[in-house]
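The structure appears right after this line, and notes come after that.
The values are calculated or read from the model by the stated rules, or taken from the named source; none is laboratory data. All figures in this text were calculated on a predicted structure; none of them were measured in a lab. Ideal geometry is used to build each Cβ from the backbone, glycine not excepted, and the neighbour counts take in all protein chains shown.
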Amino acid sequence: MATTPYPGNATPLAQPAQDAAPIIRSIGLSDLHQALRLGWEDFKAVPSHAIILCVIYPVLGLVLARTVLGYSVLPLLFPLAAGFALLGPFAALGLYELSRRRERAEKASAWDAVEVLRSPSFGAMLGLGTLLLALFVVWVATAQAIYVAAFGYEAAAEIPDFARRVLTTPQGWWLIVVGCGVGFLFAVVALCVSVVSFPLMLDRHAGLGDAMVTSLRVVARNPVPMAAWGLIVAVLLVAGSLPFFLGLTVVIPLLGHATWHLYREAIAPDPNPRPIPLRPARERRSAVDFPANLFPWGRKDRT
């Protein structure tokens, strides 16, 4: 059977423009300042909501510190605290949603932040979050192995003893250099694959692979600003962790909102934004049907 040629340079089932790869912009240090400024404005606009979303971090930090001290595994305290930087991009999903809504002049509340769970790309977000969690686990195991290589399996008795080992012995100096160097590599990997991945998935409903590739392209296009951004994140997280992790109630929301605005600076706007597909309305069922209504094969359509 003969086929009808496509006119001009058209191709069969040509992809729409909205499926094209995102356009990467060149950014500078001033754009990082702008992202932080706008992130601070978002935090001031909805401070209570941001703190409610992020209060779990200092709480977990205090519990973590108590657990570490109680079980005499002090060497893991710093690696676990540093691991917040690896998991932060995923944990800030609700903050991206708040910034997106404020950008569109929509209401922004704690309940609206939860709407990120309804995103068509939430499965991809969860996949990347799982990847970052795996990276965090590998980092903690690696940090433990480095400590064992330096000091063996003998645990430090208390904080002064641990500080003396690390700060006044050649093994401790080796531990600091190697540990920070390896931790830097883990942080670079996390930054490269996630710096704009989650906002891109939220904004354009991108898949996991496309989001990670786009994030890598942003880093490759802007190596110096991205390195500076990684340094800013590290410094702010350390500053927020010092007073018993309480500063993270401000640092985490600030970085979360700023990351959304950094994404806006680094990625050109989508000329053909995709509408969020409507979900079918849930059929209201009587409570007397529980638990039978949990099993679809037991349901009967009623007319």
Selection count where residues are buried (at least 22 other Cβ atoms within 10 Å of the Cβ) and free of Cβ contacts under 8 Å to residues at least 40 places away in the same chain, scope segment 207-218: 1
Condition check for residue 113: of a type outside the set (Asp, Glu) and either modelled with pLDDT of 90 or more or within 17 Å of the chain's Cα centre (by Cα) (or both): yes
Single residue of segment 138-168 satisfying the filter (part of a loop (DSSP other than H, G, I, E, B) and either in contact with a strand residue (DSSP E or B) (Cβ under 8 Å, 6 or more places away or on another chain) or at pLDDT below 80 (or both)) that is surrounded by the most Cβ atoms within 10 Å (Cβ to Cβ): 156
Condition check for residue 81: among the hydrophobic types (A, V, I, L, M, F, W, C), in a helix (DSSP H, G or I) and modelled with pLDDT under 75: yes
Which listed residue, of 245, 186, is among the aromatic types (Phe, Trp, Tyr), over 16 Å from the mean Cα position of the chain (by Cα) and surrounded by 20 or more Cβ atoms within 10 Å (Cβ to Cβ): 245
Total residues in segment 199-251, condition within 13 Å of residue 262 (Cβ to Cβ) and outside any helix (DSSP H, G or I): 1
